[in-house]
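Take a look at the structure below.
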Amino acid sequence: MKKTGVILALPAVIFLIVFFFAPFVFLIYKSFQSNIGILTIQNYLKVLTDTFYIRISLYSLEIALITTLLCILIAYPASYYLVHVVSDKYRGLVLAILISPFWIDFLIRAYALKAFFFPLGIKEGFFTLIYGMVYDYFLFMLLPLYASMTGVSKTIINAARIQGASGLTLARKIIIPLTIPGLVAGSTIVFMMSLTEFVIPAMLGGTSGYTLGYAIYDLFFIYRDIYRGSALSVIISALSLLVAYYYIKKTRGQGGIFA
Amino acid sequence: MRGISLDVMEITKSYGKQKVLDKVNLKVERKEFFTILGPSGCGKTTLLHIIAGLVTPDSGKILFDGKDVTNEPPHKRDIGMVFQDLALFPHMTVAENIAFGLKLRNKSEQEIKARVKEMLELVRLNPSEVWNKYPAQLSGGQQQRVALARALAVEPRLLLLDEPLSHIDYKIKQELLAELRRIHKETGVTTLYVTHDQNEAMYLSDRIAVMNYGRIEQIGTPEELYNNPASLFVASFFGDANIVPLKLIGNEENKILFARLDNTVIFKEQPIKDGYLAYLKGVISDKVFMGPQVLLEIRIDEKHTVKTILPRNEATKYNIGDEVIVAFTSEAKIIEAQ
Ligand SMILES: Nc1ncnc2c1ncn2[C@@H]1O[C@H](COP(=O)(O)OP(=O)(O)OP(=O)(O)O)[C@@H](O)[C@H]1O
Ligand SMILES: [Mg+2]
């Protein structure tokens with residue numbers, strides 16, 4: 001019985017090793033190489049001491065934080081509305097409408113946004129960049145929040161209202177504490193993904209579009225410096241892993257999506 | 001505590017085509033323990049939610065101490081409520097649950113602590129033992145007590161209880177019923193209790209409203225309802241009773257004889273003394289020992305059985321299979337069939 005399990009899982013394990021871990025190991029290997037093939041930590045030193053990359057990292061961090069925050073601000077009321085206001089009959093329909101744009105490829109969605117801003121005379125820049133990011137990542141915040149919100153029963157909310165809570169107090173004392181797992185899961189995903197996002201800044205960012213993802217792209221494909229490009233990628237990946245690890249530790253046993 | 005009076009005036013509520021409440025009227029006096037008694041699905045919770053402001057009625061008014069509060073939101077009504085499924089806040093300790101409403105009322109830390117302790121003592125929980133526990137760490141009966149303590153902590157003007165004992169074991173239920181009675185006497189808060197259990201209703205209430213399909217069938221003290229039920233529904237729902245069609249006794253009229261168990265008597269032979277309402281022949285089909293009393297079931301024909309209660313020593317005269325004559329004392333009533 002146990003043996004068949006191992007055999008059945010083998011193709012998936014091999015697939016993961018070959019197509020997921022191997023490129024990453026290759027990336028790490030390259031990041032410790034100089035352009036004449038000697039092992040070195042020069043690439044890391046260069047990236048970490050170059051004010052240019054530090055400035056870009058901080059800028060990308062800012063974009064990721066703003067995107068995450070805006071996603072939270074929109075997705076919280078939306079998930080509350082979906083679970084506790086919309087009647088059972090229409091919930092599926094409203095959810096389907098909210099999800100429908102995400103059936104379309106994200107590149108086409110980005111073009112659609114471009115076509116939407118242009119006739120309105122909105123110049124591409126920081127605003128359109130954030131708009132595009134929030135538009136693209138909103139769903140990754142909504143779905144975990146929605147899942148958490150369904151766990152907050154109507155009577156709990158009613159009990160709090162009768163005790164005298166309403167509006168923001170109700171949100172702060174009851175709804176947010178009870179949906180923390182969804183909030184943290186959504187924030188982690190949106191933050192990690194928007195930190196290295198490359199397409200949206202490139203397409204909608206205008207002159208404000210030079211972000212970390214863009215910089216990595218340039219290192220690889222413009223400057224052909226795959227060693228420094230790898231080093232920068234490894235640093236970002238390590239940071240992302242750290243965020244994910246922190247999340248898993250934080251929400252273990254609380255019904256989070258990774259728990 | 002400040003007990004208010006409550007008026008429910010012509011409250012009507014429909015969900016889609018279903019009329020859940022149909023012109024409900026009742027008045028609960030200050031400091032009264034009032035119970036709404038009715039079968040599952042008759043609209044009890046809906047009515048309670050309308051009184052609490054959680055559901056808006058289609059028409060009608062709710063008055064607190066004569067003042068119209070129909071459009072006040074729940075957080076401004078200053079009431080306490082225990083829900084059918086308790087609804088304790090799972091992320092807060094027992095103390096935090098009870099303190100929730102007090103904090104919102106900007107009470108001082110010291111005041112809150114003292115009040116939480118007082119409430120825990122009122123519902124007979126050991127403060128030091130449960131203070132820092134989470135609801136999931138408590139037994140069903142303890143959770144019930146915490147829910148009650150939370151509802152009472154804010155000194156509500158009105159206490160609403162929605163079948164708070166329906167999921168509780170018999171033994172603990174009896175215990176909590178006694179506590180509820182005592183707590184009502186001690187606090188004097190106007191209380192509206194909802195249940196489908198007539199024994200709870202009888203034990204606790206000053207007055208009871210019997211409800212069926214969204215209508216109030218009758219309002220009265222337990223004794224009034226027991227002795228003078230206004231309808232067959234009330235008669236059968238409130239207290240055990242024998243209901244016998246008069247046709248069974250050879251009477252042509254489409255009427256029904258209604259008798260409480262203690263108004264139903266049995267004899268070995270036709271009694272000489274008269275004054276009984278009707279006589280029926282039957283066979284004892286069951287005998288149930290219930291402590292000081294014995295319940296006897298007598299089969300009249302295929303479709304009809306009647307029940308009576310005898311003191312234990314009296315019941316030894318009768319055995320299953322004995323032929324007996326059933327009679328009804330003059331307290332039994334003849335009512336229209338519906
Ligand atoms: N939000 C709602 N939407 C549609 N129908 C509802 C809603 N709330 C209640 N109902 C219906 O109204 C009727 C009365 O419900 P209610 O919960 O008031 O009954 P109840 O007397 O409290 O029953 P129980 O003893 O089972 O708790 C039921 O038929 C129920 O299906
Ligand atoms: Mg109910």
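For the stretch A:151-185, the residues whose backbone nitrogen is under 17 Å from a point 7 Å from the Cα of residue B:76, taken along Cα to Cβ, are A:161-170. Near the amide H of residue B:36, within less than 5 Å, lie the amide hydrogens of B:193, B:194, B:195, B:209, all on another chain or at least 5 residues away, with H placed in the peptide plane. The simple spin-label model puts a point 7 Å past each Cα toward its Cβ; for residue B:133 and residue B:304 those points are separated by 5.4 nm.
Summarising the amide proton neighbourhood of residue B:85: residues at separation of 5 or more, or on other chains, whose placed amide H is nearer than 5 Å comprise an empty set.
Annotation: for a label point projected 7 angstrom from Cα along Cα→Cβ of residue B:105, residues of the stretch B:1-22 with backbone N closer than 13 Å are B:1-3. Counting Lys and Arg as +1 and Asp and Glu as -1 over every other residue whose Cβ lies under 9 Å from the Cβ of residue B:331, the net charge comes to +1. Peptide B:79-85 has a mean of 4 when you count, residue by residue, the C-beta atoms of other protein chains within 10 Å of its C-beta. Each label point was placed 7 Å from the Cα along the Cα-to-Cβ direction; for residue A:176 and residue B:56 their separation is 2.8 nm.
Using Cβ point charges alone (K and R +1, D and E -1), the dipole size of chain B about the Cα centre works out to roughly 780 debye.
When A:134, A:18 are compared by accessible area of protein heavy atoms, the largest-first order is A:18, A:134, using a 1.4 Å probe. For chain B, the relative contact order works out to 17 percent when only alpha carbon pairs closer than 8 Å and six or more residues apart are counted. The value given for the protein assembly as shown is a Kirkwood hydrodynamic radius of 30.4 Å, derived from the mean inverse Cα-Cα separation. Each Lys and Arg adds +1 at its Cβ and each Asp and Glu adds -1 at its Cβ; summed about the Cα centre, the protein assembly as shown shows a dipole of about 1660 debye. Computed from the C-beta positions of residue B:248 and residue B:63, the FRET efficiency with R₀ = 51 Å rounds to 0.60.
Note on the stretch A:50-251: dipole from Cβ charges, positive end direction compared against A:86, A:73, A:138; the farthest Cα belongs to A:86.
Applying a threshold of 22 Å to the alpha-carbon distances of B:255/B:317; B:247/B:287; B:247/B:281 flags B:255/B:317; B:247/B:287 as lying beyond it. For the stretch A:50-251, place one equal point scatterer on every Cα, skip the solvent, and apply the Debye formula. What is log10 of I(q)/I(0) at q = 0.08, 0.13, 0.16, 0.18 Å⁻¹? The Cα Debye sum returns log10 ratios of -0.34, -0.81, -1.09, -1.25. Once A binds B, the 1.4 Å probe can no longer reach about 1700 Å² of accessible area, counting both sides.
Taking amide H atoms as placed 1.01 Å from N in the peptide plane, the amide H of residue B:124 has no partner under 5 Å among residues 5 or more positions away or on other chains. Counting only residues at least eight positions apart within a chain, or on another chain, the lysines with an alpha carbon under 29 Å from that of residue B:117 are A:154, A:173, B:31, B:76, B:103, B:107, B:133, B:171, B:173, B:185. In terms of its Cα atoms, chain B spans 76, 46, 32 Å along the principal axes, sorted from long to short. Listed values for the stretch B:53-62 are Karplus-derived 3J(HN,Hα) couplings in whole Hz (6.51 cos²θ - 1.76 cosθ + 1.60, θ = phi - 60°), namely x, 7, 10, 8, x, 5, 7, x, 9, 10, and x replaces Gly and Pro. Among B:195, B:256, B:226, whose Cα projects farthest towards the positive end of the dipole of the stretch B:195-323, with charges put on the beta-carbon of Lys, Arg (+1) and Asp, Glu (-1)? Farthest towards the positive pole: B:256. Given +1 at the Cβ of Lys and Arg, -1 at the Cβ of Asp and Glu and no other charges, the dipole of the stretch A:50-251 around its Cα centre is 700 debye to the nearest 20. Considering only A:157, B:214, A:19, whose Cα is most displaced toward the positive end of the charge dipole of the protein assembly as shown, charges sitting on Cβ of Lys, Arg (+1) and Asp, Glu (-1)? Positive-end residue among those listed: A:19. I'd like the FRET efficiency for residue B:268 and residue B:197, computed as 1/(1 + (r/R0)^6) with the beta carbon distance as r and R0 of 35 Å, rounded to 0.05. Efficiency for this residue pair is about 0.45.
If you plug the beta carbon distance of residue A:99 and residue B:313 into 1/(1 + (r/R0)^6) with R0 = 60 Å, you get a FRET efficiency near 0.20.
At each listed q (0.11, 0.13, 0.15 Å⁻¹), what is the log10 of I(q)/I(0) that the Debye formula gives for the stretch B:155-223 modelled as equal alpha-carbon point scatterers? Treating every Cα as an identical point scatterer, log10 I(q)/I(0) equals -0.27, -0.39, -0.51. Qualifying chymotrypsin sites (Phe, Trp or Tyr not before Pro) in the stretch A:90-159, where qualification requires a DSSP coil assignment and no more than 11 other C-beta atoms within 10 Å, are lacking entirely.
The values are calculated or read from the model by the stated rules, or taken from the named source; none is laboratory data. Predicted model only: the values in this text are computed from it and were never measured. Please note: Cβ atoms are built from the backbone with ideal geometry, for glycine as well, and neighbour counts cover all protein chains shown. Just the protein is used for accessible areas: all its heavy atoms, side chains included, with ligands, DNA and RNA removed. Shrake-Rupley method; radii C 1.70, N 1.55, O 1.52, S 1.80 Å.
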